[in-house]
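Engineer: Starting off with a structure, shown below.
The numbers here are math on the coordinates, done by the rules we state, and not lab data. Just so it is clear, the model here is predicted, and its values are computed rather than measured. Here Cβ is always computed from backbone atoms with ideal geometry, including for glycine, and neighbour counts include all displayed protein chains.
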Amino acid sequence: MMAILNRKASLIVLAVNFAVVVILLVFHSHTSYHEAQLHLCPTVPVGVDDTWINDIKETESMSADEIYRYLHWTNSTSCKTAVDFGFWILNDGGVIAPDGHKAVCLDQSISPVFNNCLVYSFGINNQWTFDEDMAEFGCQVYSFDPSMNVGNHDRRWKMRTASTIYQMLSSQHGATTLVDVLKMDIEFSEWNAIPEMLQSGFLADKVKQLAVEIHFNPDDPLEAFHHRVQILRNLEATSQNQAGGFVRFSSRPNPWLKRPLKVLGGREDYIGLELAWYNSKYY
């Protein structure tokens with residue numbers, strides 16, 4: 001793993017179960033950022049009308065087409081400077097496209113502070129571009145993944161929530177430090193992790209930005225889409241009796257995950273999308 005990183009960094013390997021989380025890597029801050037790759041995210045074309053979101057139906061009444069309109073909604077004007085961290089070109093199955101990058105909002109009020117920021121990255125799959133770019137930006141980056149072969153770990157650290165992980169690591173990054181970006185690509189476990197972090201208050205109190213790849217199955221029934229979309233709407237809720245308050249600023253499909261969908265009568269759409277939000281509490 002040190003060969004993959006190819007930089008001065010300390011390595012800490014611990015077994016931690018956060019939904020599917022088991023591995024922890026720590027990258028220390030760097031003083032320069034000349035090696036990192038930044039890419040401006042695409043914005044909504046001029047003239048596109050996003051006012052429909054104000055009149056969106058109750059989730060259980062949404063059709064499959066309405067659900068996908070909601071999923072593809074970027075709301076990109078909510079962040080003036082959205083930037084991609086991590087970037088490489090993947091050629092797979094005849095599709096050539098960028099991969100490994102996540103959108104981060106660099107508007108002054110919400111942006112990670114250069115050389116003084118904290119990132120939690122759940123789900124690596126040996127793709128380090130995002131984590132490395134955030135480390136080059138000067139962030140302390142904790143990277144977790146259970147699917148990678150690490151033999152030396154402490155098996156006592158199992159079944160931990162995000163709040164518990166934060167408490168366990170507080171001696172390293174501080175007990176009141178905010179997580180500037182929490183990134184998740186954990187293959188369907190996001191649907192369990194997000195509600196838990198909402199209910200515990202961890203997202204509202206400790207996380208400034210959230211970047212998640214969400215997943216569906218091609219043969220999922222409409223009820224499964226309703227359930228998962230409601231989780232996203234709870235995250236984005238603005239009413240005081242719902243612990244959300246996260247504002248979406250990016251939505252992009254995973255170009256390798258376009259499939260015929262049962263709920264769309266066999267029409268193709270994406271079963272994996274990259275979404276990003278910031279916490280309105282800190283904007």
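Engineer: In what sequence, highest mean first, do 202-212, 59-69 appear when ranked by Cβ atoms within 10 angstrom?
Structural biologist: 202-212, 59-69
Engineer: Determine which residues of region 250-265 fall in the zone a paramagnetic label at H227 would reach in this model, i.e. backbone nitrogen under 19 Å from the point 7 Å along Cα→Cβ.
Structural biologist: Counting only backbone N, you get 262-264.
Engineer: So how far apart, in nm, are the two label points at E196 and N217 if each is 7 Å from Cα heading toward Cβ?
Structural biologist: If labels sit at E196 and N217, their model points lie 2.1 nm apart.
Engineer: Given K102/K258; K206/K262; K57/K206; K183/K258; K80/K281; K57/K281, which pairs have Cα atoms separated by over 28 Å?
Structural biologist: K206/K262; K57/K206
Engineer: Separate question: Using a simple spin-label model with points 7 Å from Cα along the Cα→Cβ vector, what separation in nm is obtained for D205 and S170?
Structural biologist: 0.9 nm
Engineer: Based on the mean of other Cβ atoms within 10 Å per residue, sort peptides 178-186, 161-169 so the most packed one is first.
Structural biologist: 178-186, 161-169
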